[in-house]
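**Q** Below is a structure I'd like to ask you about.
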Amino acid sequence: MSKNSNSQPTAQALDHLPQFSARWISQLRHGLGLSRADFARRLQPQSASGRKVTWEDVANWESDRATVPVELHGILFRMSHQSEAFNERTRLRPIAESAMAEFKLTQIEAHDLDELEERLADVRPGKASNGHGG
């Protein structure tokens, strides 16, 4: 089998993988609880073109008017893994669901969970401890 330079996927081909689709980008951003501007700031430093990523770039990616530059793929993968790790942590902490209902929240940041546990214990002392140790 001979090596063929065409056997490597091109950067353009990578842009069309499901993880870089408009829907994936939008779900990633929402999963992280970031506005388009905050999401763009998290993608800094600058793109290979030397131009900073803007909220307009993010909007274009989310609407399929543009594709994500290849040099940002690694950052997006890391952000995706961070989002998955947070989602797993949240899923494993039932207090998050209680806190979201109690305080009418749609999202909770990881560093807020401990504080919310304490607040719930203060507000509902009879429900904070169910006698099962956790």
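Just so you know, all these numbers are worked out from the coordinates, no wet-lab data involved. A quick note: this is a predicted structure, and the numbers were derived from the prediction, not measured. When we count neighbours, we look across all protein chains shown, and the Cβ atoms used for this are built from the backbone with ideal geometry, even at glycine.
**Q** Just to be sure I understand the model, the point goes 7 Å from the Cα along the line to the Cβ. What's the resulting Arg78 to Asp64 distance in nm?
**A** 3.0 nm
**Q** Calculate the spin-label point distance for Gln27 paired with Leu113, positioning each point 7 Å from the Cα along the beta-carbon direction, and give it in nanometres.
**A** 2.2 nm
**Q** Neighbour counts of other C-beta atoms within 10 Å: give me Met100, Met79 arranged from fewest to most.
**A** Details: Met100 15, Met79 19.
Taking fewest neighbouring Cβ atoms as first place, the list is Met100, Met79.
**Q** So how do Trp61, Trp55 line up by other beta-carbon neighbours within 10 Å, fewest first?
**A** Lowest count first: Trp55, Trp61.
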